[in-house]
Structure formats: structure tokens, C-alpha cells
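Please treat every number below as a calculation from the coordinates, not as lab data. What you see is a predicted model; the values in this text were computed from it and never measured. Heads up, the Cβs are rebuilt from the backbone with ideal geometry, glycines too, and the neighbour counts pull from every protein chain shown.
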Amino acid sequence: MRLLIKLTLRSIQRHPARTILSMLGITIGVAGILALGITNQASMQSISALFEESSGKVDLMVTASSDNQPLSEGTIRVTENIAAVRVVLPIVKANTAFADQASGGGLELSFLGMDSGGFLLHGVNPVLEPLARDYKIVEGRFLEDPLEALEVVLVESYAQDEDIQVGDRVEVLTPNGVERLRVVGLIAREGPGQINNGAFGIVPLNTAQRMFNRLGEYDQLDLLLTESNSSQALEEVRLAIQRRLGEAVSVTYPAGQGQRMSQMLSNYQIGLNFLSGIALFVGAFLIYNAFAMTVVERTREFGMLRTIGMTRRQIILQVISEALVLGIFGSGLGVLMGILGARGLAGLVGSLLGTDLSADLVVPGGTLLLSLFVGIIVTIIGALMPSIQAGQVSPIAALRVRGRSQEGWITRSGWKFGIAGLLVSTAILLWNPFPYDPQFILGSLTVFLMFGGVTLMIPGTVSTWEKLSRPLMRLIFRNSGLIGSRNIGRSKVRTTLTIVALLIGVAMILVVRVMTASFSQDLVSWINAYIGGDIYIHSSVPLRADMANQVAGITGVGAATPIHYQNIEFMAPGGGLEPLTFMAVDPATYTRVTSFIFSDSNINAQAALAELNDGGALFISSVIAEKYNLGVGDRFWIRTNQGLQDFSIAAVVVDFFNQGLVVTGNRHDLRRFFRSNEISTILVKVDAGVPTADVIANIEQVYGKRYHLSLESNETIRGNISVLMDQAFSMFDVMAVLAVLISSLGIVNTLMMNIMERTQEIGMLRAIGMTRGQVIKMVLSEAGLMGVIGGLVGLVFGVLLAKIFLTGMTAMSGYRLDFIVPLGGVITSLVVALVISQLAAIQPARKASRTNILEAIHYE
Amino acid sequence: MAVLNATNLHKFYQLGEFQIKALNGVDFEVEAGAFVAIMGPSGSGKSTLLHLLGGLDVATDGDVMLTGQAFSELPDHQMTLTRRRNIGFVFQFFNLLPTLTAEENIQLPILIDGGKPEVFQSRVDQLIDLVGLNDRRDHKPDQLSGGEQQRVAIARALVTQPAILLADEPTGNLDTKTGKVIMSLLRRSCDELGQTIIVVTHDPRAAAYADRVVFLRDGKEQETLKFKELKDLSERIRKIMGIMEKMEI
Ligand SMILES: Nc1ncnc2c1ncn2[C@@H]1O[C@H](COP(=O)(O)OP(=O)(O)O)[C@@H](O)[C@H]1O
Ligand SMILES: [Mg+2]
């Protein structure tokens, strides 16, 4: 054992540079897992904290199941009479804006969970409210009795941004015009102060009800229970209250809201986990690199040790214990780096969520131990194959000059199995994309099989790649390129792993590009139809029903059509009520301003529109159609004010409003079934030849001030949408680029190892007249070839993966997306692969060019 | 006429407080077509001298002139080009690129010089003939024996028709019989191609193939043997052994 430790430390000491290089792998891997772990935890915590703090000590909350049936005094009374309920806090919520703010509201776009916000007012009971939530007053005072005072409390940060002081009067837009409220206090942006990102204020309950015509109506009841029960008892109370209040309301836990939001993050989480997987993979293979090299180098030493009686097991143990030492040091270092790295990552995710995560950055003990453990295990796994090879060294090897690693079965004929594996797994995935949970693991395994297939394909084909790329290499690097790229076939396992790391990064870029392109294409065609009008009119207060007709009378306006979005519920074919948006249109004017995109282009549009106009019929979105397997002629059940009502499906249209959970009906049905005559939006078509800006000015002049209209042109909205889309996808782009960067470390490491291994050879080449510049080209060409293979294989792999993801997404969500491979993405991924391979090779190449000739050819 | 001319060569190494005088004033002249062997005890400075003559290292004092060009006046890049075009090297180990075939290894200097190997095919063929590796030209180094590898190295060193061929212990790693093959190959290159050759060796049987044997000791020339008239190899070996005994090598 003593001897073991001694030998281990010696051999680590002997190659400090290599030790550091291979440790770097584990270090980055561990740092990656930990940083992601910390950030994930922090973002989850921040989200749930946001909801927990903002809901304070509230045990349960009661909300209406749909917009059109708000909670009533009756609900409060029933709730108050339940024994377990101690306090009921009624809340009225209103979205509004300040009168002096130029652009209130705007198009309410929610794309991948990002929305453009507004100002949120809560009407609360000033006496009861402090029982439930801790408002931290930083200036002025909290609301006081009476319940109808014209007072408001704002969030400090928001007030500062808007330059509002305590004592000021602010003008708030209401359906009845402008209401003036006095700012009596400011609260800190913590706890409930985080609601709506601080664009939030509280007013007395009755004031809110009066201002927004909501007398006797409530949006939410927060409940404090008599004693803080166990979670099991709490669930019983929740069910009891739910039974008492009936189906019209839902009784939930406050944190339940946070869960919805965290779903939005899960997309990113999958990406981030993918990234830490790559970091680990690279880490494992850097270790493999280092040890494979040590073993070849020390063949004589191992042979000698075997000659003097060391068993195979002892040799294997010796190599493994070396790995263990490296693993412990490297992982330890990784933990430090991970903690630092988490800060940067938190900044990135934080900006995505619009919150500051740095306060939540605590190092979770479990994750810390896990990452350490994983680091050490991965190190040992990486060193396992080399250590077994070391154990196989025969005593006679001591007599030979140099050990030569033999080409294994895998490098020779693995590619056949690789291609087979790739084909089989791709076929399986395309045939059945395993969208749902029980099959998810199976699906992941199949994706893993794909990776395995690609990995196996590489070693057997590198020499073919080398031959094919000769003209290119000669063109770029001259003859040095021919000599250098020949080296690719030498350390096949190492080269293969490097290429695989690179190709994963390239594939990620391509997947992101294909997804973006496929999404955009559908989205753009929908947007073009959706905002087929030239001007979009919106107000932060409800518009009167005849507004559209009035707007139609303005000079320059060709046609105007009213639209209303009503949040409702429908009966899913599987059973159960699910939320949905009912878009009420006036078919006659609607078609004069814009048009529907019918999924089936052969449909009789005229007949469908006539059916919609007659009432009792709907256009459903393609998303709903696919998700529930519905089509024209089927029945669709909606919960209305008159109970469940069935509509016939007149057409399937492309519409991604509310993530596609939308149906289109006519305004008569809105009035009839939902007793609403409101307008959310007016779409305007401008007369031919009249500049849109002029028409906007006209409308603004006539109605703008009076009705607090905000007008946006088609172009502005399209611009906004594409910005939102870019934001959503840029995060994935960032992840893909990070993956490529991590893989570039693999290239650096592999080339460094190659160069160290070939010192004598490089010395010989320099001696017989190779210039430093030629040595550099030689190394660059080897890296370049890795880039070419990684780039091209990654390209194919990426296209396959993207196809699979798209198929899977269609199955899961009902989005029917055309598969588009953008040329730009193809070029980007190839260029990135080549450029990264060259950048990563610069340092190794320079090191090679500085090889000391005499030291290299020195032998004794 | 002298192809190579080294005057007053010194090479000192500083090891902490100690100064090692690896070469301590060597004058050396080699005529075109000559075949010179350098002998001497281990550590006497043979390799150091060869490295200086080949422009692989820079002298502490003194200078080397190859075909009229002083090494001290050549910047690093020019020195590299001189090595590439005017000097051939054969080392004891690490002579070949394992990724290239025997023939491609012989073409290596042409490749490095940016030339097209096809243009020089007849010369390459001639050299493959000379070293007797016609049936081995497509073999990779690891499919060749040590002697065959050295033969490829010699052909490689000859392909550019260098002004001088330098070999450091080319037979050091070979058995006696193979060593003989290598040395007679060098001998033939000298006789048939007029190649100027300097060989460092500690083996009197190898040195006997040369026309002149220079003995080094402590970084200085100690003795010189000239074999112009003496053709008999064993007689030459006897003479070399005599000097070695005298020098207590
Ligand atoms: N890089 C070096 N640093 C220090 N001493 C060296 C170096 N190279 C050679 N020497 C010393 O110079 C002397 C001559 O070495 P060398 O020319 O290699 O001898 P030979 O080839 O005759 O055996 C030896 O004492 C050797 O130890
Ligand atoms: Mg020597």
C-alpha cells in the first residue's frame, strides 16, 4: 500500500503539465454540474419564494374558475362560515396604467412565457391585509380605514423609476375615465412587493371595486386557517372547502401559482442539463486521454513491475489510485470554480426571469456532494480502460523499446455497428417520439443509442475522411497540411472523443437554428394574418362596443373590426375542464380587415365563414385540433354562463394566440353565452395609398385622449414579436455556443497530448528543415480535419435530432411545424466548427513550434 | 576544396556553479566527397560537435562554414532552410514519421520544401534501389525492422542531395550484421554519389568505413587517423582499436 501511494505521487509529480491538463477536465465538469445545480436551485427558489412571499402567511386561496364568473359576497359568507377558516381576505385585481404614460398596455403577447406586462392594482382590506402579508413600509404609511379612501401604496423601486413621491397624486385609467389617487406610502420590493416585477400597487378594496365597476365582485379570497395544520390535514381542509364552494371556484395552495411559472423554466433546464452532460463527457475523456497516454508511456515501467512480481490487479489499482488522487484534487478545484461560475450563470438566468438571483445563491449541500462524487466517479471511469490496459502489459514488455497500443476491435469495425445503431435509433425515434413520461426514459435511451452510434462511426472512418479532405488541406495548409492531417488516424479513441464533443456542440447549434426557423415560419405566417390589419388599437380600459364603427368613420380608415378575448373553459374530450381563450369576432368586418389561415387549404372558406356568422359554431386552432384529434363537423363543449354548451367546429385555423389554446366565435355568441359586449382590440385596415402614420394620427386626434387608446402599426408589432422571439431563442443559442466552447477544451487537450506524445517526431522534423511556421500549420491542419469531421457529422446529426425533436413536439403539443433547415444555420455550424477547431489549436500549435530540437532528439 | 569548415568551436554549458566545457576549441575541415568518423569516449563532445556542424545548436565561440556560408550570420529561419536543403540527418532513433510509408518518408524533405514528390520520383526510385527497399516502399515504419528503418532514414537524408550528411550513432541500436549493412550503404553513397559524410560512432567496426577518423577527448581533438592508402577493413579496425586503447576509451 505504501509503495502504491509512493508510486502514485511520483508519477503525478513527474508530469505536472499533463496532470494539470487532465485535472482541468474534471474541474470543468464538476464546476459545470455545481454551477448549474446552484443556479437551478436559485432560480427555482427565487420563483417559489416570489410566490410564497407574495402570498405571505396565506394557507389557501380561492379563485374563480373562469373570468366571467367572479367571486361574490355569497362566496365570502360561505367561506367565512367554514370552521377551519380563521380569516378571509378578499382581493380585487385590476390591470391598468397611469394616464400620463404614453403607451399603456400594448399587444398582450405571451411567447414562451415572456410577456410585456402592465400595471397591476390589488384592492385589499387595509385592516385584514397585514395579517396575511408583511408589507415592508419604507416611506409614508400603509392604507388605513375607511375602505373607500382614494389612496394607493406603491413599490419603492417602481415609484423611483416613474419619479413618484409620497404625497403625489397619480392618475389611474379606469373604464370610467381617470381616477386620481394619493400615494400614501411606499413598500420595499420584497415579499409582496415583488408582484408583477414591482409594477404593483394596493388600494382599499371598496375603492378598487368602485373604480373598476366591480361592486360586490372579487377575484381572489386568501384564507388563513385556524391552526397551521400538517400538510395532510391542510389537504383535507382544501378538499372540504372545494366541496362546499362547488366547481365554479378552485381552491389551491399559494405556491401552486409558482409551479406554473417554473414550467416555463423547464425548457431552459433541459438545455442546461444537456450542457452539464457535455461538460462531464468532455471531463471523462480528458481523463481518459491523460491516462491512456501515461499507460503507453510507462509500458516499460509496468512491464518491469510485473517482472518483479506485481500482479495485474496491483497495477490496475495503482493506475486507479492515481486517478483517484486526480479526481479528488480536480473535483475540489471544480467546486471552487463552480461556485464562482454560478454567479455568472445566475446573471444570465436572472436576466431571463427578470429577477436578481444573486441573493438566492446558496450552495446546496446535496448538490455539492453529488458533484464531488460525480467528479471522482467520472475520473475513475475515464481511467478504467487505460488501467485495464496497464494491467495487461506483459512482463516481456519491459524488454521492448516502446509499447504500441494496438488497434482494437472497436476502432476497426465499430463503425458498422455505429451506423446500424444510428439508423435503428433514428427510425425508432421518428416512428414514435416517446413524448410522455413512462416512455421518456426509453426515448432518452434511444437518443443515447444515437449518440453511441455516431461515436462508434468515427474511428473506423477517420482515414476515409482524411483522404477525402486532402485537397482541402493542401489548399489551406500546403504540404504541412498533408503531413499534419495524416496524424488524425493515430490516437483514434482520443481523436474520436474530441470530434464527438465538437459535433455535439455543432448539432446543438443546428437544432436551435432548425427549431427557430421552423417556429418562425409558422409564427410569421400566423402573425401576418393575425395582424393582417394595418393598425392595432388597444386600451388599458375596456372599450365600448360601438367603438369599431366610430373608428371606421375616420378619414383614411378602410375598415375596422372589433375583437374580444374572453378567458373561458372547455370540456376536454378526455374529460375535465381546461382553460381556453374565446376570441369573439364580427365575421363580416373581420374578413374585410384580415383573413383566417385555414389548416386545410381546400376548405370552402365561404361556407365556413357563413357557419361562424350564423352562430353556435367555432373555428378551433390547429393546436387544439391536433391535441384532441378534433376536426370539422365535430362538437366542442364550452362552459358558458348558461352551463355547458356545445358548438360545432366549422374550420381549423392556424392561431398561436395563448399558445394555441384559442377558439374563434362570433360576437353574438359572446353576448348570448357570456353576457359580454366588450372589445379588447380593434383591427384597422387603412385605405389604399394612405400612409399608416397619418391614419394613426387621425384616430389619435379624435379618440386617443378620450379613450386612452394606444395605437400600434403592423410593423411595430411585428418588430416587437421578432424581438420577443429572438430573446426566447437566444438563450438556446447561448447554450449551444457554450457547448461548442466546452468542446473546444477537448480539442486543446487532445492536441496538447498529441504534441507531448510526438515531441521527438516534431524535433526530428524541425531538424530536417521544417520551419516553425510549418509546424504550426501541421498542428492546425490536424485540428482542422477534426473540425471538418465534427462539423459535417454534427450537421447531419443535428438535422436528425431536430427532426426528432420537432416530431416529438408536434406529438406533445399539437404544434404542426414544417421542418425547415436554414442555410444560414448550416453555414454557421460548419464555420463555428472550423473556426473553433482552429482557435483551439493555436496554443498547442505554438507550443509545438517551440519544441527544442536537441531536447527532443536527445536519448539515453 | 573544403565543404565544411569549423574553426575554434567552443560549447559551454552552465550547470549551477559548474561550467561544462562540452567542446573546448575544435578546428575541423571536411573536403567534398570525404567520409569522416568522429570517435571518443562517452561525454567527449561528439554529439555536441555534430549538432553544431548541423546547425541544430549555436556555438558559444567559434563558427561553422558550410559551402562558404557562416552559420553565425544565419538567422533562425535561414538556418532551418539550410538544414532542409544542404544538410542530411540520420539519428539513432526517431527518424521516421509513423504515419507515412517508407517511400513517403523518403519524400518528406521534398514535401517540407513545398515541392511535388512526383517531380523527384526518379531520384526517389534511385535511392529506394540504392538502399534495397523496393519491396518495402509501401510499408509503414512499424512494419519495418530497425535496419530497414535506418535505410529509409539514409535515403531520406540523401534525397535533397545535401552538401553534407550527418549521422549520430546510426548503428547504435542495431546488431553487428545490420550495422555493417548500414555502414557499407553510407560508404556506397560516398563512393557512388560523391556524398560528403560525417558519422559519430563509438564502434571501431563502424568507424573503419570512413576515410578519416577524428578522436575527441574532453571537447578537444586528440588524434586523427587517415586511411587513404589502407583499404583492408580489419587492418583499419586494428589501428583504431590501438588508438582507443592508448586513449583508454
Ligand atoms: N544540454 C546540456 N546541458 C548540460 N550539459 C550538456 C548538455 N548537452 C551535453 N552536455 C554535456 O556535454 C558533454 C558532451 O556531451 P555529448 O556531446 O553529448 O557527448 P558524447 O556525444 O560524446 O557522448 C557531456 O559532459 C554532457 O554531459
Ligand atoms: Mg552522443
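Observations on the structure shown:
- In this simple spin-label model, placing a label point 7 Å from the Cα along the Cα-to-Cβ direction at both B:T176 and A:K6 gives a separation of 4.2 nm.
- Crossing angle, helix B:102-112 versus chain B [Cα axis fit, 0-90 degrees, rounded to tens]: 70
- Expressed in units of 2.2 N^0.38 Å, where N is the residue count, the Cα radius of gyration of region A:557-686 is 0.98.
- Lys, Arg +1 and Asp, Glu -1 on Cβ, resulting dipole of region B:2-247 about Cα centre, debye, nearest 20: 460
- Proxy reagent accessibility, fewest Cβ within 10 Å first, across A:L333, A:L839: A:L839, A:L333
- Residue by residue along A:756-767, Cβ atoms of other protein chains within 10 Å of the local Cβ number 4 on average.
- Spacing of the modelled spin labels on A:N602 and A:E700, each 7 Å from Cα toward Cβ, amounts to 4.9 nm.
- Shielding score for B:97-108, defined as the mean number of other chain Cβ atoms within 10 Å: 3
- For chain B, the mean projected area of the C-alpha convex hull, equal to one quarter of the hull surface, is 14.1 nm².
- For the Cα trace of region B:50-159, dividing Rg by the Kirkwood Rh returns an Rg/Rh value of 1.02.
- With contacts taken as Cα pairs under 8 Å at a separation of at least 6 residues, region B:58-213 carries a relative contact order of 26 percent.
- With 5 Å bins from 0: P(r) over region A:57-253, alpha-carbon pairs, percent: 1, 7, 15, 19, 19, 16, 12, 7, 3, 1, 0
- Listing A:W415, A:W637 from fewest to most neighbouring C-beta atoms within 10 Å gives A:W637, A:W415.
- Helices in the protein assembly as shown, meaning DSSP H runs of at least 4 residues, each add -39500 (n - 2.57). Divided by all residues, the mean residue ellipticity at 222 nm is -18000 deg cm²/dmol.
- Pairwise Cα distances in region B:1-110 exceed 15 Å in 69 percent of cases.
- Distance between region A:157-235 and region A:639-681 - C-alpha centres, whole angstrom: 31
- In loop segments of region B:15-95 as defined by DSSP, the GluC sites (Glu not before Pro) with at most 11 further C-beta atoms inside 10 Å of their C-beta are B:E17.
- Treating each Cα of the protein assembly as shown as one equal point scatterer and applying the Debye formula with no solvent, the log10 of I(q)/I(0) at q = 0.04, 0.05, 0.06 Å⁻¹ comes out as -0.36, -0.52, -0.67.
- Cβ neighbours within 10 Å from other chains - mean over A:471-482: 2
- Table column - 3J(HN,Hα) (Hz), region A:202-219, Karplus curve with 6.51, -1.76, 1.60, x for Gly and Pro: 10, 10, x, 3, 5, 4, 5, 4, 5, 4, 9, 6, 10, 3, x, 10, 9, 9
- Per-peptide packing, taken as the mean over residues of other Cβ atoms within 10 Å, places A:708-714, A:818-824 in the sequence A:708-714, A:818-824 from highest down.
- Neighbour counts of other Cβ atoms within 10 Å put A:S601, A:S539 in the fewest-to-most order A:S601, A:S539.
- Other-chain or far-sequence residues with amide H under 5 Å of B:G88's (modelled H): B:I164, B:L165, B:L166
- Sites A:D733 and A:L468 - FRET efficiency at Förster radius 30 Å, r taken between beta-carbons, to 0.05: 0.50
- Rounded to the nearest 10 degrees, the angle from helix B:121-130 to the longest Cα principal axis of chain B is 60 degrees.
- Cut-off under 5 Å, modelled amide H: who pairs with A:L543 long-range: A:I679
- Semi-axis lengths (Å, descending) of the ellipsoid that matches the C-alpha gyration tensor of region A:582-626: 16, 13, 11
- Backbone geometry of region A:495-507 corresponds, through the Karplus equation with coefficients 6.51, -1.76 and 1.60 at θ = phi - 60°, to 3J(HN,Hα) couplings of 4, 4, 4, 4, 5, 4, 4, 5, 5, 5, x, 4, 4 Hz, x marking Gly and Pro.
- Anchor A:K685: aspartates and glutamates whose Cα lies under 15 Å away (excluding residues fewer than 8 positions away in-chain): A:D534, A:D586, A:D694, A:E712, A:E715
- Whole-number D in µm² s⁻¹ for region B:174-230, Kirkwood Cα-pair radius fed into Stokes-Einstein, 25 °C, 0.890 mPa s: 199
- Charge-dipole axis of region A:175-254 as Lys and Arg at +1 and Asp and Glu at -1 on Cβ define it, positive-most pick from A:A233, A:Q194, A:V184: A:V184
- In this structure, the residue pairs whose Cα-Cα separation is over 21 Å, taken from B:K21/B:K228; A:K416/B:K140; B:K21/B:K226; A:K467/B:K116; A:K777/A:K847; A:K777/B:K116, are B:K21/B:K228; A:K416/B:K140; B:K21/B:K226.
- For B:T60, the amide hydrogen comes within under 5 Å of the amide hydrogens of B:H10, B:K11, B:F12, counting only partners 5 or more places away or on other chains and with H modelled in the peptide plane.
- Karplus-derived 3J(HN,Hα), 6.51/-1.76/1.60, for each residue of region A:297-313, Hz, glycine and proline x: 5, 9, 3, 5, 4, 5, x, 4, 4, 5, 4, 8, x, 6, 7, 4, 4
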